[in-house]
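Since every read-out is calculated from the coordinates, none of them should be taken as a lab result. Just so you know, these numbers come straight off a predicted model, no measurement behind them. So basically every Cβ, Gly included, is an ideal-geometry build from the backbone, and we count neighbours across all protein chains shown.
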């Protein structure tokens with residue numbers, strides 16, 4: 001993932017040859033975040049920055065780059081530098097990097113690692129044999145998989161990753177094998193098995209990875225024999241103490257007459273279908289089933305929006321009694337959830353329009369009715385999210401003004417009290433001077449001074465009360 005936010009600043013540092021500031025930025029920023037910012041630069045600029053870092057930091061940031069950035073950098077880096085980076089990478093990152101290369105690049109990289117220069121550091125010379133052993137193992141596994149892995153073996157390998165359901169007697173029941181008219185549900189599959197799942201169902205691996213990417217937006221992608229529909233659904237995570245409500249992508253893949261759903265979490269809108277909380281579900285009618293999933297997700301948006309509004313009202317009442325930063329932060333997190341919902345609902349609306357325009361779903365009378373329900377509920381959800389977001393923004397602004405006003409009142413009262421207390425202090429300090437003063441020989445001097453101080457303070461209090469400076 002690339003983030004171009006700091007591109008001007010990074011280029012300015014490069015232009016001014018501010019190497020120390022660049023090194024501080026890379027040292028004090030998490031490697032994955034630094035890779036996001038550096039990945040938006042050109043290959044020459046990226047390497048110029050990496051070259052100024054320590055070998056270990058260089059390898060760490062390189063391992064976090066996107067695949068296309070790594071490949072373009074490989075063309076710029078010399079053999080010695082590339083060998084050093086690969087050998088100093090973490091074992092897991094190095095394996096992912098090597099597996100992502102094409103076979104010719106794998107062979108070229110292995111050859112490069114196998115021939116370190118005599119002037120290479122001892123640490124690098126010691127790491128090369130271990131790296132070569134890792135590469136040989138990966139190559140052997142790939143070759144063994146290509147030569148000996150049958151369809152039955154692939155099916156056995158991925159059997160733990162998939163759940164198969166079918167409508168039996170108007171109920172969704174789990175079945176033991178893939179049948180005609182079934183629904184295949186894939187929940188949080190392991191990264192290693194994604195290629196096998198894609199091969200087994202004859203779909204692109206990108207369909208699976210995109211469905212598991214939390215930042216993916218709602219969209220449609222059509223290949224020769226398969227169609228990917230990504231919809232954003234609401235999700236409640238009670239373990240996340242900050243943002244309880246956010247959105248997740250669900251991939252719906254139409255291929256070979258079957259429907260496949262892919263999601264990272266098990267307890268999403270799909271759980272309602274598995275637990276038979278949705279009526280009139282027929283997995284054999286995949287067009288209708290697809291629309292039912294989208295409609296159910298839209299209805300969940302409405303439910304969660306009402307829950308968010310109720311939570312905001314409760315926090316508002318607490319803030320009216322006592323202003324605390326903790327409550328304001330909760331309101332801010334609710335506003336973040338509303339932003340997630342609004343964005344996802346709009347992208348879902350555009351996705352549904354494209355489904356109709358591309359004729360992905362056959363529109364008979366029942367499906368048209370479902371589509372109209374989706375459009376109606378979607379509009380209502382967007383309007384509710386916008387209204388709640390506007391109300392919440394206004395509420396936070398109002399409370400910010402109230403807090404600021406309360407602070408001004410407190411400061412005004414404290415200032416008035418300070419002035420009143422200063423009067424007797426000034427009078428008594430004046431008569432405590434070691435110089436000749438009036439009434440210093442009077443037997444009642446102390447009482448006169450105290451009385452004068454009291455009268456002046458009382459006059460100040462009356463004055464401030466009339467001016468309403470002592471009232472909150």
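Annotations for the structure displayed:
- A simple spin-label model places the labels of residue 358 and residue 5 3.2 nm from each other, with each point 7 Å out along Cα-to-Cβ.
- Think of it as helices only: each DSSP H run of n ≥ 4 in the chain is worth -39500 (n - 2.57), and spread over all residues that comes to -21000 deg cm²/dmol at 222 nm.
- Between the stretch 1-15 and the stretch 30-53, the C-alpha centres lie 9 angstrom from each other.
- At full extension, residue 280 and residue 156 could sit 41.4 nm farther apart than now, given 0.36 nm per residue minus the alpha carbon distance.
- For 136, 441, the sequence from fewest to most other C-beta atoms within 10 Å is 441, 136.
- Förster-model FRET efficiency, 35 Å R0, residue 206 and residue 400, C-beta, rounded to 0.05: 0.20
- Kirkwood Rh in Å, taken over the stretch 404-466 so that all alpha-carbon pairs contribute: 13.4
- Counting 0.36 nm for each residue step from residue 459 to residue 134 and taking away their Cα separation leaves a gain of 108.1 nm.
- For the pair residue 306 and residue 99, a Förster radius of 60 Å applied to the C-beta separation gives a FRET efficiency near 0.85, rounded to the nearest 0.05.
- Residues 337, 190, 347 arranged by fewest to most Cβ contacts within 10 Å: 190, 347, 337
- Relative contact order, whole percent, for the stretch 404-466 stands at 46, derived from Cα pairs under 8 Å and 6 or more residues apart.
- Whole-angstrom gap from the stretch 202-269 to the stretch 353-427, using each part's C-alpha centre: 29
- Among 469, 183, 47, the ranking by other beta carbons within 10 Å of each residue's beta carbon, starting with the fewest, stands as 469, 47, 183.
- Projected over every direction and averaged, the convex hull enclosing the alpha-carbon atoms of the chain yields 38.9 nm².
- Look at where the Cα atoms of the stretch 76-98 and of the stretch 276-352 average out, and the two centres are 44 Å apart.
- Using alpha-carbon coordinates, inclination of helix 286-321 to the longest axis of the chain, degrees: 10
- Separation in nanometres of the label points that stand 7 Å from Cα toward Cβ, at residue 332 and residue 320: 2.4
- The relative contact order of the chain comes to 9 percent, based on Cα pairs under 8 Å that sit 6 or more residues apart.
- Length added when fully stretched, residue 439-residue 343, from 0.36 nm per residue minus Cα-Cα: 26.5 nm
- Direction-averaged projected area, Cα convex hull, the stretch 4-148: 9.0 nm², rounded to one decimal.
- Degrees, to the nearest 10: 55-64 long Cα axis against longest axis of the chain: 70
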